[in-house]
1. I'm trying to understand the selection: among the residues of the range 1-24, which are farther than 14 Å from Ile62 by Cβ, modelled with pLDDT of 95 or more and more than 18 Å from the chain's Cα centre (by Cα)?
2. Within the range 216-227, track down each residue that is more than 13 Å from the ligand (Cβ to nearest atom) and buried (at least 20 other Cβ atoms within 10 Å of the Cβ).
3. State all residues of the range 137-177 that are over 16 Å from Asn230 (Cα atoms) and among the basic types (Lys, Arg); if no residue qualifies, say none.
4. Any residue at all in the range 213-226 that's out of contact with any helix residue (DSSP H, G or I) (no Cβ under 9 Å at 6 or more places or on another chain) and either assigned to a helix (DSSP H, G or I) or modelled with pLDDT of 95 or more (or both)?
5. Mind checking whether some residue in the range 70-83 is of a type in the set (Asp, Glu), more than 16 Å from the ligand (Cβ to nearest atom), assigned to a helix (DSSP H, G or I) and surrounded by 13 or more Cβ atoms within 10 Å (Cβ to Cβ)?
6. Might you check whether a residue that is surrounded by fewer than 17 Cβ atoms within 10 Å (Cβ to Cβ) and among the polar types (S, T, N, Q) occurs anywhere in the range 231-254?
7. Pick from the range 126-139 the residues that are of a type outside the set (A, V, I, L, M) and in contact (Cβ under 8 Å) with a residue 60 or more places away in the chain: which of them is farthest from Cys165 (Cα to Cα)?
8. Would you call Thr182 modelled with pLDDT under 95 and within 16 Å of the ligand (Cβ to nearest atom)?
Amino acid sequence: MNKNLRKAIIAGNWKMNKTRPEAKELIEAIKPLAANAGCEVVVCVPFTNLETAVEAVKGTNIHVGAQNCHFEKSGAFTGEISADMLKEVGVEYVVLGHSERRQYFGETDETVNKRLKAALAAELKPIVCIGELLWERECGITEEVLGKQCKLDFYGLTADEMKKCVIAYEPVWAIGTGKTATADQAEEACAYIRSVIAKMFDSATADAVTVQYGGSMNAKNAAELLSKVNVDGGLIGGASLKAPDFGEIIKAASV
Ligand code: PGA
């Protein structure tokens with residue numbers, strides 16, 4: 001990453017894992033590993049763990065995120081949680097448009113865009129996930145897919161709002177599969193995403209936006225991925241559930 005322009009963000013995406021006591025235990029184990037971090041450290045926990053996590057990180061440099069929010073403020077939306085509700089609990093970040101939400105729960109670029117605007121209005125920091133499927137990469141349309149997702153997901157934002165967003169480049173074929181994009185593939189995609197943001201807004205906005213890599217990032221491969229100039233951190237699933245591994249990734253992002 002370019003440390004002169006941006007600070008790395010290492011965010012754990014716990015997905016549907018950990019009971020409340022387990023969440024507390026994991027955060028307690030992460031605390032000493034994050035204490036001297038030279039990067040921002042975030043844990044994105046299930047809704048039921050948010051209060052526990054917010055309480056557990058008090059007085060530390062660890063930030064708490066949720067894994068989704070709805071676009072309406074309130075109403076008849078059974079099973080959904082609004083951005084204001086997250087804010088009220090003390091949440092700072094929210095993951096939006098994760099490929100598992102798109103794949104299993106019918107989320108589209110249009111709803112991601114609406115959720116993003118709601119998150120920004122509630123002063124949450126959004127982590128917006130984009131990335132191509134394997135067959136899209138094989139067909140040679142990775143750039144088209146990433147460009148389209150950026151244009152649709154960030155449609156209608158001001159440059160100031162765009163600067164508040166974190167983008168997570170997560171090739172769908174690398175998520176939970178153990179197949180990591182090579183550092184060069186990650187760099188190429190993250191640089192392309194930044195070039196799209198520069199065209200949509202301006203180069204100062206593109207330089208300011210954090211672009212993370214996500215997809216089987218772990219203690220072993222993190223340093224190489226994070227050494228790339230356009231890779232500003234990571235969104236980490238599996239490896240964020242083990243404190244020592246997450247600690248190694250934090251260390252790799254801190255040098
Ligand atoms: P993974 O998940 O690290 O387990 O591949 C990443 C993510 O889905 O954000």
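The values are calculated or read from the model by the stated rules, or taken from the named source; none is laboratory data. Computed from a prediction, not measured in an experiment: that's the story for all the values here. Neighbour counts run over all protein chains shown; Cβ positions are idealised from the backbone, glycine included.
1. Lys18, Thr19, Arg20, Pro21, Glu22
2. The one that is more than 13 Å from the ligand (Cβ to nearest atom) and buried (at least 20 other Cβ atoms within 10 Å of the Cβ): Leu226.
3. If the condition is that a residue be over 16 Å from Asn230 (Cα atoms) and among the basic types (Lys, Arg), then Arg137, Lys148, Lys151, Lys164 are the ones that fit.
4. No: the range 213-226 contains no residue that is out of contact with any helix residue (DSSP H, G or I) (no Cβ under 9 Å at 6 or more places or on another chain) and either assigned to a helix (DSSP H, G or I) or modelled with pLDDT of 95 or more (or both).
5. No, the range 70-83 contains no residue that is of a type in the set (Asp, Glu), more than 16 Å from the ligand (Cβ to nearest atom), assigned to a helix (DSSP H, G or I) and surrounded by 13 or more Cβ atoms within 10 Å (Cβ to Cβ).
6. yes
7. Across the range 126-139, the extreme among qualifying residues is Gly131.
8. In short, no.
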